Every structure is written in C-alpha cells, then in structure tokens.
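Data first, discussion second: the structure below is written as structure tokens.
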Amino acid sequence: MPKRILQGTVVSDKGAKTVIVNVTRTFKHPVLQKTLKRSKRFHAHDEANQFKVGDLVQIQECAPKSKMKRWEVIGIGSKG
C-alpha cells in the first residue's frame, strides 16, 4: 500500500529532531456545497533539524518513531 504524502507549513521547530507541520485541506460541504477549510497539525521527524518555522514541506507516513511521530519530512517546497 502506498504511503500518504501531505504538504504543509512548519509551525514549530522547538523539539529535538521534530517539527510540527500544519496541513490545510479544502473540501465541499456535502449538503451546503460550500467550500470549507480544515487544518490539522502533524508531528514529523526531521533528522538534521534543517527545517524552520514558515518553511513549506512535504511529509510522508512512516513507522512510529515516538509516541506522537508517525510522519517524516521528505522534501521542502520553499523557504519561509
């Protein structure tokens, strides 16, 4: 089964080898047909501590690395 890849913005880099990525998705409400935005924060593994707040990054599912981390950073979109 392929691993999911999401794109979001780094909102915190305070943890050791960890960044928190805010992923925003848009969808249409099933009844009202109005476009809605929902966001979720993911804890992601950053081995080299190279990503900073404001960076646009891609994260991918991985095996659990800690209690909260189930994702790892695989690439960067642009610097904040």
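Among the residues of segment 53-69, just one is outside any strand (DSSP E or B), touching a residue at least 12 places away in the same chain (Cβ under 8 Å) and under 17 Å from MET1 (Cβ atoms), namely CYS62.
Go through the residues of segment 35-46 one by one and say whether even a single one is in a loop (DSSP other than H, G, I, E, B), at pLDDT 95 or above and surrounded by 11 or more Cβ atoms within 10 Å (Cβ to Cβ).
Yes, because at least one residue in segment 35-46 is in a loop (DSSP other than H, G, I, E, B), at pLDDT 95 or above and surrounded by 11 or more Cβ atoms within 10 Å (Cβ to Cβ).
Residue-level analysis places LYS14 outside the set of residues that are charged (D, E, K, R), surrounded by 12 or more Cβ atoms within 10 Å (Cβ to Cβ) and not in a strand (DSSP E or B).
The values are calculated or read from the model by the stated rules, or taken from the named source; none is laboratory data. Please read these numbers as outputs of a predicted model, since none were measured by experiment. So basically every Cβ, Gly included, is an ideal-geometry build from the backbone, and we count neighbours across all protein chains shown.
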